[in-house]
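*Asks:* Starting off with a structure, shown below.
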Amino acid sequence: MNRATQLPIIGVLILALLGSSGARMLCLDQRRNLDRARNQVVSSSGDISRLNSFALGLLLGGLRGPMLMVLWTSSENQKTDRELEDFDTKVELIRLLQAEFDGVHLFQIWNKAYNISVQMANLPTKYTTILDAMDYAFSVDRERPDNVSILASIAGLYFDKFGNSAEKGYFSPRLMDETLPVQDRVRVIFPAEKRDLVLRQARLAGAPVYVLSPREVREDISKRYIQVRKPIADNLQARLKDPDITYELREVRTTVNPQSTLRRTEHDSILDSEYRILPKYLEPREGLKPTGDAGDGSQLPYLPRFQPYPYGVSPFALAYNYYKRCQFLQYQRGARHAQLSERVISSRAALSLKKWSEEDWHMARRAEIELFGKPVPTEDAELEQPTQSVSLQYKLAPNPLLNEIIWRYENSARISQAAVEEYQLHLKHYPDDIFVYASHSESSVAQTHLMKADALYLRAMLAEGEEKIALVRQAETEYLSAANEYSRHILRYYLADEDAAGVLPPRVNRADVLDSQKLPDALIPLSMAKLRAKHAASGYQLSNSEDFKELDAYVQRANARLAILAQYR
Amino acid sequence: MPEFIAANFAWFLASLIILVGVFLYGFADITRLSVGRVWAIGGVCFRDAIRRKVLWVTPLAMLGVVVVSMLQHPVDQPDAIRQTIKFCFFASGLVVTIIALIVAATNLPRDIESRVVFTIVTKPVTRLEIVLGKIVGFARVSAAMLLIMGLFTWGYLHLRAWYLGKQISWTLASPQLDPAQREWLQHFEDEGLLFSQTIYTPVRLAQYSDIQNSSISKLFILGGAQDAIATFVIDRSIIDDPSLAGSTYRLVYRIPYQSAPKLSPLPAGVPEPHPSITTVILNGQADQTLVSPQQLTRAVAGTSDPSAGIARLDLPNPGVDIPTGIMSQLANIGTFTVQMIPSSERYLYEITSDPVALQVITPGPDGQPVVRELLPKAPPLTRGSVGRSGQQLRSAENGVEPLAIFRFLDVQKPRTINGKVPFELKVGVDRSAADTDTGDKTTLEITVADRVKGKHFSEQPVLVNVENRRTAFFTVPAEWIENDDFDVVIKNRSPNSTVGLIPSSVLLVADREPFVINLLKGLGVLWLFSLLVAIIAFFCSTFLSWPIAVVLSLLILLGRWTWMQLDTGSGFGAQVANEFAGNNPGLARVVSGSVDALTSGFNLITSVLPDISPFGIVEQIERGSTIAWSQFLPPLTVLGLFGLPLIALAYVILRNKEVAP
């Protein structure tokens, strides 16, 4: 080919390239205008965030397909062989090369959070591996905003991995701690023999349990250290006043290096110094007007409702936020999840709130047991009994841990109340689900009373005189409601049909239990006593004995407290 | 064929080709060979390649490296630099291989097509000088490209290392950093990200069990968790010797046992297990079962006394009788290994001295049996149960503490840092449950036993936190490693987790050298590879058009490697027949036979193709392991065995080829 024929061909190629770029820009502009008119989706940053995808595709030319085949095979082989070096890079390249495929992203998010994290030996590494899965999901979210499948995956990671997995005892408190405002840390160094003293006082000063694993000091093996936030360290120092214990300030610059492509080591802080959601998480996406819900594309639009968060944001709260965004997109925009039904997506927000309220309940219970110096049981079902008979006269000195317990009880009551509203919203769209979620909703009502009562009881312990009496009266009312609601719940759902006649009053059946006209409050204790005796007689071997025991523990706690409060009439 | 010739057949064949092709057929050209003319032809070839702008490919490769490095998603900074090294070497290797292939395959056909060759062959140069000159020219092109890519790699890696080093300092300044991650990053802050170190690997990994807090010096293995293997060397005489006619053969065990010291009670109704040994007979390398427990049981059941020997024997016992037929097979093989698998974690089995022997029991003239006893060729090797990550090391249980022992031998004085000797440790970790009660980390306890002094430095063990398949670093006092023969002893201190170990799980870092030297060595190996590629491509181009020459060169280069990846071992035909022929036995026989015949054919063909695996050194550079000079020998051998004969053949073909009227 000579130069004379080459030049026109090159010219045509350049013109074609420019023409296709121009056509693409016009189409995108048109699409953006249409979306803006509807106040939805498309982000102007989308093109920039997809630059990597374009660059990689361009670099590979026509080899994108073969490259993907190699990447998929080798990354899956590496996973099977548990040789995970380079694995993340391969997954990242797959993400960039298959940016348009939801199925790929859903698989990889799940792959990292479940298959890969489970291969890690230590909890901190498992935690950061799940954060990496979360980062992957957020990368896709930036490129494909308001995608129900991706948002539900993010919510699922918060709900199932951080909030509800076997390792939740470590994950959830750490996540809450990391969402708190950026604060300096203090290294508390102490002689090894003072370990128990320091840990106990640090806990009373409000240190989360997960930071209370002392490490050896490199330069002096007779000493140990823990690292806590500065306000906690200040409180600890005021409590201990021990010259053997030293405090080293460690300044924190920022939490995460935004330029880094490395795997993150911690979750972002999302709260300001007032423990409110940082404004950047509430800003509408570029080009959209603020609406206060998922319609404006802001990241955490549903969390301000429950702020402030003095002890960090629960993973269930974050799950709630993202499930609410899914719900909004589903109800308002007709969006659909690629794999889950609309019914499932719709119900998740309520479930998240319920789990959040239960998490606060159990965290508060554990802390309360610690506060009263009793051994903390591992099973949630065993948390009710240890402190139920603590006297109202118990001399409690105000401390940060006590404040946290009261806050968590009150928050649990507030959130369980919100869960009831959320269940009602779901049932409005899917009335058939009443058979599934009615019991959830009813137990949340009972929980609200119990949590309020427990908070009031602790407040009453601290109060004196008239204030104490007023608090006692309020607590009594709440405990009574809790006992009745839980009892009705047990009699409604955990009473076998064949036993109903022997347990319930004449002419009352299980369907009537919730009706206070047919089963007045005064008759409930007798029915419960009969049912209790029945389970005891069987050695708790009846089909629903386990559930009964768990729920009856709440009734018994309420009754034990009522017995104590009765002394103040 | 004599054994010496069979073992060195490839060398003989290569020498024969060179001898006949060059020294006999081309004797006249040998006598006229001029290094100056070879170099001059090489220079022409090099300048021609430069004129064809082959070096312009290097900026593209560099751009590719930079882009992919920016898109990588490493776990941390050491991972980032390791991946960047891989990208750099991959790009360098790819570019230099492709260019060598294309330049070498197209050079001669282009010369012929453009009639440039007329001007060469009409000069007083021999065909041998042309062939050698072209190869030298290709080698110079490859060297130039590798020089450019090497300079880029050196510069870019240092730039990345500087930037990532700053990130490490930044990350270490973060007080929230997890302590285990801090220890890991601190190591790289101290030692740098680009390094090359000489390492010693253990010669052997064994496992035993100790009774916790006791000073008993017996060697125990724990039932259900560890086993022992002993290798016997026998010959046909034990079967064929007339004096041994009518003999019976018996494996006897002398394995005292005792209960674990702190046994938890068994659930109600579960009987206390009895200590027993299960026997498996393996081939000499202990990687293939020759006689399984079931086969032994079946074989023994067919003898006159079925109760005489069963595979699983309750202890103490008379031993396992090996039927004469099986013994005859073993004698044909010559070397076999007996694997002794003890049962139940509630027992410890002592294997201090000669735990197993092979008895040949011959009826004596007086009716009394005459017993001849053969012992294994070496004391038995004790091992942990093998899991996905290697030998499994459990934590202490029932008062028994399993130990992994890595034996180091002939270790020359390693370097010390502040009076300590550095080691690397990489293990697999399986946690049995996602439990938070047993702590958030997996910890190993490390001590050293000096075999020369007979002293175990166990007073102040080193504790190391490990993560699954991630290198951890630890140091031990230099006085623990004063002699060249010592054991590194590891205990697992984390309940509910099992650690998987392989012999190379523990490495002793003996010395360091500058990264640039390792880089140059790596590029040197790549250059040898490009030379091989160029020779093959040039050889193919002497009798084929260049596109076909390129394809054939790729086939020759990758044929053996690809065939090895298919992993067609014995029984491949049956395996394929099983997949495709279903329940049709006739078809299965045909498929199986055809596939086996094809496999044999391919095996034969690929056995004469070059093995390119010795050129793979990137992983070593990535991991910062020094390339020893001796590692150049295998690539040079491939080049000698394959490259030199091909040069000879190319010369013979070219000499007989009419390239000009």
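*Asks:* So in the range B:169-224, with the set limited to residues that are away from every other protein chain (no Cβ under 14 Å) and among the aromatic types (F, W, Y), which one is surrounded by the most Cβ atoms within 10 Å (Cβ to Cβ)?
*Replies:* B:F220
*Asks:* Identify the residue in the range A:432-459 that is touching a His at 6+ places or on another chain (Cβ under 8 Å) and polar (S, T, N, Q) and, among all such residues, is surrounded by the most Cβ atoms within 10 Å (Cβ to Cβ).
*Replies:* A:S443
*Asks:* Considering only the range A:85-110, state which residues are in contact with a Leu (Cβ under 8 Å, 6 or more places away or on another chain), more than 7 Å from every other protein chain (Cβ to nearest Cβ) and charged (D, E, K, R).
*Replies:* A:K90
*Asks:* Looking only at residues in the range B:379-432 that are of a type in the set (D, E, K, R), within 14 Å of chain A (Cβ to nearest Cβ) and under 30 Å from B:L263 (Cα atoms), which one is surrounded by the fewest Cβ atoms within 10 Å (Cβ to Cβ)? Talk me through it step by step, then tell me what you get.
*Replies:* Looking only at the range B:379-432, we keep the residues that are of a type in the set (D, E, K, R), and these are B:383, B:388, B:394, B:397, B:401, B:407, B:410, B:413, B:415, B:420, B:424, B:426, B:430-431.
Retained after the next criterion (residues that are within 14 Å of chain A (Cβ to nearest Cβ)): B:388, B:420, B:426, B:430-431.
Checking which are under 30 Å from B:L263 (Cα atoms) leaves us with B:388, B:430-431.
Details: B:R388: 11, B:D430: 18, B:R431: 20.
Ranking the qualifying residues of the range B:379-432, first place goes to B:R388.
*Asks:* Right, something else. What about A:I245, is it among the aliphatic types (A, V, I, L, M) and more than 25 Å from A:E143 (Cβ to Cβ)?
*Replies:* yes
*Asks:* For the range A:284-293, state whether one or more residues are free of Cβ contacts under 8 Å to residues at least 12 places away in the same chain, away from chain B (no Cβ under 14 Å) and over 20 Å from the mean Cα position of the chain (by Cα). Talk me through it step by step, then tell me what you get.
*Replies:* First, the residues of the range A:284-293 that are free of Cβ contacts under 8 Å to residues at least 12 places away in the same chain: A:290, A:292.
Now narrow it down to the ones that are away from chain B (no Cβ under 14 Å): A:290, A:292.
Restricting the remaining residues to those that are over 20 Å from the mean Cα position of the chain (by Cα) gives A:290, A:292.
Taking every residue of the range A:284-293 in turn, at least one turns out to be free of Cβ contacts under 8 Å to residues at least 12 places away in the same chain, away from chain B (no Cβ under 14 Å) and over 20 Å from the mean Cα position of the chain (by Cα).
*Asks:* Tell me yes or no: at least one residue of the range A:121-132 is hydrophobic (A, V, I, L, M, F, W, C), within 10 Å of another protein chain (Cβ to nearest Cβ) and either over 25 Å from A:K354 (Cα atoms) or touching a His at 6+ places or on another chain (Cβ under 6 Å) (or both). Explain how you work it out, then say what you get.
*Replies:* At the first step, the residues of the range A:121-132 found to be hydrophobic (A, V, I, L, M, F, W, C) are A:121, A:123, A:130-131.
Cutting the leftovers down to within 10 Å of another protein chain (Cβ to nearest Cβ) gives us A:121, A:123.
Going one step further and asking which of them are either over 25 Å from A:K354 (Cα atoms) or touching a His at 6+ places or on another chain (Cβ under 6 Å) (or both), we end up with A:121, A:123.
Yes, there is a match, as at least one residue in the range A:121-132 is hydrophobic (A, V, I, L, M, F, W, C), within 10 Å of another protein chain (Cβ to nearest Cβ) and either over 25 Å from A:K354 (Cα atoms) or touching a His at 6+ places or on another chain (Cβ under 6 Å) (or both).
*Asks:* Can you give me the ranges of the strands (runs of 3 or more DSSP E) entirely in the range B:355-435 with at least 3 residues that are within 23 Å of B:I446 (Cα to Cα)?
*Replies:* Passing ranges, in order: B:381-384, B:390-393, B:400-408, B:420-425, B:428-431.
*Asks:* Does B:N468 fit the bill of being closer than 28 Å to B:G224 by Cβ and within 14 Å of chain A (Cβ to nearest Cβ)? Before you say what the answer is, go through the steps one by one.
*Replies:* Numbers: closer than 28 Å to B:G224 by Cβ: yes; within 14 Å of chain A (Cβ to nearest Cβ): yes.
The answer is yes for B:N468.
*Asks:* Next question. Any residue that is under 29 Å from the mean Cα position of the chain (by Cα) and assigned to a helix (DSSP H, G or I) - is there at least one of those in the range A:74-84?
*Replies:* yes
*Asks:* Mind checking which residues of the range B:69-81 are surrounded by 20 or more Cβ atoms within 10 Å (Cβ to Cβ) and within 9 Å of another protein chain (Cβ to nearest Cβ)?
*Replies:* Of everything in the range B:69-81, those that are surrounded by 20 or more Cβ atoms within 10 Å (Cβ to Cβ) and within 9 Å of another protein chain (Cβ to nearest Cβ) turn out to be B:Q72, B:H73, B:P74, B:V75, B:D76, B:Q77, B:D79, B:A80.
*Asks:* Restricting the first residue to the range A:161-173 and requiring it to be within 11 Å of another protein chain (Cβ to nearest Cβ), which pairs with a second residue that is assigned to a loop (DSSP other than H, G, I, E, B) and crowded, with 19+ Cβ neighbours inside 10 Å meet a Cβ separation below 6 Å and a spacing of at least six or different chains?
*Replies:* A:P173/A:P208
*Asks:* Do we have A:S139 as within 26 Å of the chain's Cα centre (by Cα) and more than 14 Å from every other protein chain (Cβ to nearest Cβ) here?
*Replies:* No; evaluated as a whole, the condition is false for this residue.
*Asks:* Can you tell me which residue is nearest to the other protein chains (Cβ to nearest Cβ) among those in the range B:129-168 that are β-branched (V, I, T) and touching a Ser or Thr at 6+ places or on another chain (Cβ under 8 Å)?
*Replies:* The extreme case among them is B:T153.
*Asks:* If you don't mind, another one. What number of residues within the range A:201-231 are more than 26 Å from the chain's Cα centre (by Cα) and in a helix (DSSP H, G or I)?
*Replies:* Count: 1.
*Asks:* Next question. Quick one: which of B:I148, B:I221, B:I199 is in a helix (DSSP H, G or I) and in contact (Cβ under 8 Å) with a residue 40 or more places away in the chain?
*Replies:* Values: B:I221 fails: in a helix (DSSP H, G or I); B:I199 fails: in a helix (DSSP H, G or I).
So the residue among B:I148, B:I221, B:I199 that is in a helix (DSSP H, G or I) and in contact (Cβ under 8 Å) with a residue 40 or more places away in the chain is B:I148.
*Asks:* Quick one: count up the residues across the range A:233-275 that are away from every other protein chain (no Cβ under 11 Å), within 30 Å of A:Q299 (Cα to Cα) and either crowded, with 16+ Cβ neighbours inside 10 Å or modelled with pLDDT of 85 or more (or both).
*Replies:* Selection size over the range A:233-275: 7.
*Asks:* Please indicate, with yes or no, whether at least one residue in the range A:185-192 is under 30 Å from A:C326 (Cα atoms), out of contact with any helix residue (DSSP H, G or I) (no Cβ under 6 Å at 6 or more places or on another chain) and away from chain B (no Cβ under 14 Å).
*Replies:* Taking the range A:185-192 and keeping what is under 30 Å from A:C326 (Cα atoms), we get none.
Scanning the range A:185-192, I find no residue that is under 30 Å from A:C326 (Cα atoms), out of contact with any helix residue (DSSP H, G or I) (no Cβ under 6 Å at 6 or more places or on another chain) and away from chain B (no Cβ under 14 Å), so the answer is no.
*Asks:* Out of all the residues in the range B:136-169, which are under 30 Å from B:C45 (Cα atoms) and of a type in the set (D, E, K, R)?
*Replies:* B:R140
*Asks:* Another question, if that's okay. A:T387 passes all but one of (1) in contact with an Asp or Glu (Cβ under 9 Å, 6 or more places away or on another chain); (2) in contact (Cβ under 8 Å) with a residue 24 or more places away in the chain; which number fails?
*Replies:* (2)
*Asks:* Could we say that B:K441 is at pLDDT 90 or above, buried (at least 17 other Cβ atoms within 10 Å of the Cβ) and within 14 Å of chain A (Cβ to nearest Cβ) here?
*Replies:* Answer is no for this residue.
*Asks:* Moving on. Using the structure shown, decide if A:A319 is in a helix (DSSP H, G or I), buried (at least 24 other Cβ atoms within 10 Å of the Cβ) and in contact with a Gly (Cβ under 9 Å, 6 or more places away or on another chain).
*Replies:* yes
*Asks:* Within the range A:190-233, how many residues are touching a strand residue (DSSP E or B) at 6+ places or on another chain (Cβ under 8 Å), over 24 Å from B:L463 (Cα atoms) and charged (D, E, K, R)?
*Replies:* 2
The values are calculated or read from the model by the stated rules, or taken from the named source; none is laboratory data. Remember, predicted model here, so these are calculated numbers, not experimental data. Cβ sites come from the backbone with ideal geometry, for glycine too, and all protein chains shown count toward neighbours.
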